[in-house]
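The values are calculated or read from the model by the stated rules, or taken from the named source; none is laboratory data. Owing to the predicted nature of the structure, the values given are computational and were not obtained by experimental measurement. Please note: Cβ atoms are built from the backbone with ideal geometry, for glycine as well, and neighbour counts cover all protein chains shown. Quick note on the areas: whole protein, heavy atoms, side chains included, nothing else; ligands and nucleic acids left out. Shrake-Rupley method; radii C 1.70, N 1.55, O 1.52, S 1.80 Å.
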Amino acid sequence: MAVEQTLSIIKPDGVQKNLIGEIYSRFEKAGLEIVAARMIHLTLDQAQGFYAVHKERPFYSDLVSYMMSGPVVVTALQGEDAILKHREIMGATNPADADPGTIRADFAASIEENVVHGSDGPDTAAVEIAFFFGDDGVCPRTR
Ligand code: ADP
Ligand code: MG
């Protein structure tokens, strides 16, 4: 195990459902610490840029529209095994496949509108954290 950072987004449907506190409570109870946070309504450039890895996928334009449909809350979370831990708490992409008690099983409406994003590995986590927080936007805990 290693201390990692992961990029977490409460997507527009999660914000609309007023789940910000509920979701971050789950991450905090699992030992993850918020080390960066911002609320933002993504522009077209930002939504396309963030999901550029999916630009050849058939759902890309719907995904970009969905991510711009309302404000999102973006955080960087830190902790032991943060990337995998965050993905476990989030649940599978399709809520129909997500384990009971995961965020997506509990709150997601569909494979597209699935409430949360989490990085899928250390390399993407670093790129995604820099995308939203630059070089100096993360605040390591000092106490
Ligand atoms: P995850 O968010 O679990 O890492 P992916 O990276 O594969 O999943 O996909 C990014 C996002 O694109 C998903 O969270 C979901 O919002 C959307 N998405 C993925 N697959 C589909 C699909 N088959 N149809 C519609 N939207 C999808
Ligand atoms: Mg992904």
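The set of residues from segment 72-91 being open to solvent by 50 Å² or more (accessible area, probe 1.4 Å) and closer than 19 Å to E113 by Cα comprises R87, E88.
Answer yes or no as to whether G118 is open to solvent by less than 50 Å² (accessible area, probe 1.4 Å) and within 15 Å of ligand 2 (Cβ to nearest atom). Spelling it out, G118 is indeed open to solvent by less than 50 Å² (accessible area, probe 1.4 Å) and within 15 Å of ligand 2 (Cβ to nearest atom). Quick check: is even one residue across segment 14-37 closer than 13 Å to H117 by Cβ and exposed (fewer than 15 other Cβ atoms within 10 Å of the Cβ)? No: segment 14-37 contains no residue that is closer than 13 Å to H117 by Cβ and exposed (fewer than 15 other Cβ atoms within 10 Å of the Cβ).
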